[in-house]
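**Student:** Sharing a structure here in structure tokens format.
The values are calculated or read from the model by the stated rules, or taken from the named source; none is laboratory data. Since we're looking at a predicted model, the values are computed, not measured. Note that we place each Cβ from the backbone using ideal geometry, even for glycine, and neighbour counts take in every protein chain shown. These accessible areas exclude ligands, DNA and RNA; they are computed on the full protein's heavy atoms, side chains included. Shrake-Rupley method; radii C 1.70, N 1.55, O 1.52, S 1.80 Å.
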Amino acid sequence: MLDEEQLGDYIDARFTRRLFRLETHDFLDVGSDGDDFQRYLAGQPGPDMARKNAWLDVLRSEVAQGKYTYRVHVVRSPLTDYLRFDFEWGYVHNEEAGERIGILDLAERDAPSELINHDFWLIDDEHLVLMHYDDRGRFTGAEPVDDVNELARYQACAQAAWSAAQPFGDYWRGHPDAWRDSHHAA
């Protein structure tokens, strides 16, 4: 198992053109978010951009090098508070910085038969890393998988999930009821 730092090193050593991430959780306890989630719930304005800009600079730099990150988040609306936060204070900015994001809302679209209900990274379509979390959404480790058959299965999942997902911007514009301001007005 790789810890968070080792996972970053593993990805950095192998990522040359395409990085794919499938997410299936509706809540993750991510330390790198600082106290932004609590600030979001309290109605405070915007994420801590001083902290967030470092990540956005990484995304912009990768795009400038011809390296692209793709993400599909599998959800089932109505969105949880955490997903609304993740989308509004995370994905909006990540997409502007060059990350390509799709949303597969299983309340609105059928799941492709190839979909695997497990978070993972696929690096350059050659390296598979399974993500593990405890029941409270805390990261417990990342598991590189060298099995060729498993790699093929996850490659098919990534392709099917990306094809079935709706572009994040379209999804978000189509769901103004999930925006924080609409919840404060209610």
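**Student:** GLU4 is checked against (1) in contact (Cβ under 8 Å) with a residue 40 or more places away in the chain; (2) at positive phi and fails just one. What number does that condition carry?
**Tutor:** GLU4 satisfies every listed condition except (2).
**Student:** Right, something else. Give the number of residues within the stretch 79-106 that are within 15 Å of ASP36 (Cβ to Cβ) and crowded, with 18+ Cβ neighbours inside 10 Å.
**Tutor:** Within the stretch 79-106, residues that are within 15 Å of ASP36 (Cβ to Cβ) and crowded, with 18+ Cβ neighbours inside 10 Å number 12.
**Student:** What is the one condition in (1) of a type outside the set (S, T, N, Q); (2) closer than 21 Å to LEU28 by Cα; (3) assigned to a helix (DSSP H, G or I) that ILE101 does not satisfy?
**Tutor:** (3)
**Student:** Give me a count of the residues in the stretch 26-65 that are assigned to a loop (DSSP other than H, G, I, E, B) and open to solvent by less than 60 Å² (accessible area, probe 1.4 Å).
**Tutor:** Of the residues in the stretch 26-65, the ones assigned to a loop (DSSP other than H, G, I, E, B) are 26-28, 30, 34-35, 42-48, 65.
From the residues that got through so far, the ones that are open to solvent by less than 60 Å² (accessible area, probe 1.4 Å) too are 28, 30, 34, 43, 46-47.
The total comes to 6.
**Student:** Out of the residues in the stretch 107-119 meeting the condition of being within 11 Å of TYR154 (Cα to Cα) and touching a Ser or Thr at 6+ places or on another chain (Cβ under 6 Å), tell me which one is surrounded by the most Cβ atoms within 10 Å (Cβ to Cβ).
**Tutor:** ASP119
Per-residue answers, yes or no, for (1) within 15 Å of ASP119 (Cβ to Cβ); (2) touching a Phe, Trp or Tyr at 6+ places or on another chain (Cβ under 7 Å):
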{"site": "LEU22", "(1), (2)": "yes, yes"}
{"site": "ASP29", "(1), (2)": "yes, no"}
{"site": "GLY34", "(1), (2)": "no, no"}
{"site": "PHE37", "(1), (2)": "no, yes"}
{"site": "ALA42", "(1), (2)": "no, no"}
{"site": "PRO47", "(1), (2)": "no, yes"}
{"site": "ASN53", "(1), (2)": "no, no"}
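**Student:** Here are the criteria: (1) open to solvent by less than 60 Å² (accessible area, probe 1.4 Å); (2) in contact with a strand residue (DSSP E or B) (Cβ under 7 Å, 6 or more places away or on another chain). Tell me which single one TYR68 does not satisfy.
**Tutor:** (1)
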